[in-house]
Ligand code: ATP
């Protein structure tokens, strides 16, 4: 394989303004200077994996604009192969984020070019898929595009899905997830109702829908890995949390990479928990992702 991990997903520019109070309907407030950061779950995962040392490629779409160039620069600086990043068709996706002093935020996402990553683009990237040991996706691109990835998945490749933002999933997608990686809210939407009992019970309800394995992320409580054989808790690494943005993306990328390298699920999740913990000790998403040396030093 040329790539340890191919990420198929979104790339967004995060446009962040600090405010004293988030505006209500019809209201205008003054805020801080604008900060623009590279983000989007797909782009975040690719940067996280590459910083750890995984040979990583990204299949995504950005606009032919300054935000698109910002995202490409960030990928290349991390060492991601961007030959699969398509340019044009719509403006680069953006997330408009206002953050108040308590850290609470309001976010509006304009998918832009992410919404124009089509099944045809997946078909045209056949060589990239064949060159990749693990393929990872999220749901900030059209579901039909994710379905095409699943249909085109080469024999022997592993598929990892973080269904975020969550929606009900077709059985053919669920059936190949190894693992399906969800937090509590995502688990609830995928199962299609209130979750009862413990995370172990949620994992069982998710497994009944068909995935080969499930990982439930529990923030500062760590994670749970589960498959037909049983389940295991993975404790979180105790750190001073500064900013949890992107922790889930860093965790997912690290987990996907280590599973592809042959680690057992609990071992891969323990490593991913260290990566997630390192990511929460620094502000920002992509800039907070650790190198392998930083994970080892934690
Ligand atoms: P996101 O908010 O980025 O979508 P998520 O809800 O999918 O994230 P989390 O459970 O918040 O995912 O974080 C993923 C992993 O990162 C956790 O399973 C845990 O191992 C680690 N992690 C997250 N927050 C903390 C924390 N405060 N302290 C230590 N580890 C953490």
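The values are calculated or read from the model by the stated rules, or taken from the named source; none is laboratory data. Please read all numbers here as calculations on a predicted model, not as lab measurements. Every residue, glycine among them, receives a Cβ derived from its backbone with ideal geometry; neighbour counts consider all protein chains shown.
Scanning the stretch 179-205 for residues that are in contact with a helix residue (DSSP H, G or I) (Cβ under 9 Å, 6 or more places away or on another chain), surrounded by fewer than 20 Cβ atoms within 10 Å (Cβ to Cβ) and touching a residue at least 24 places away in the same chain (Cβ under 8 Å) turns up 183, 184.
If the condition is being away from the ligand (no atom under 15 Å from the Cβ) and either under 26 Å from residue 152 (Cα atoms) or part of a helix (DSSP H, G or I) (or both), then the stretch 178-196 contributes 178, 191.
Quick check: anything in the stretch 206-216 modelled with pLDDT of 95 or more, near the ligand (Cβ under 9 Å from one of its atoms) and under 20 Å from residue 165 (Cα atoms)? Yes, because at least one residue in the stretch 206-216 is modelled with pLDDT of 95 or more, near the ligand (Cβ under 9 Å from one of its atoms) and under 20 Å from residue 165 (Cα atoms). For residue 120, the criteria (1) without any contact (Cβ under 8 Å) to a residue 12 or more places away in the chain; (2) out of contact with any helix residue (DSSP H, G or I) (no Cβ under 9 Å at 6 or more places or on another chain) hold in every case but one, which is (2). Among the residues of the stretch 222-244, the one identified as more than 6 Å from the ligand (Cβ to nearest atom), within 22 Å of residue 165 (Cβ to Cβ) and either modelled with pLDDT of 95 or more or within 11 Å of the chain's Cα centre (by Cα) (or both) is 224. Take residue 168 and decide whether it is on the phi < 0 side of the Ramachandran plot and touching a helix residue (DSSP H, G or I) at 6+ places or on another chain (Cβ under 6 Å). Spelling it out, it is not the case that residue 168 is on the phi < 0 side of the Ramachandran plot and touching a helix residue (DSSP H, G or I) at 6+ places or on another chain (Cβ under 6 Å).
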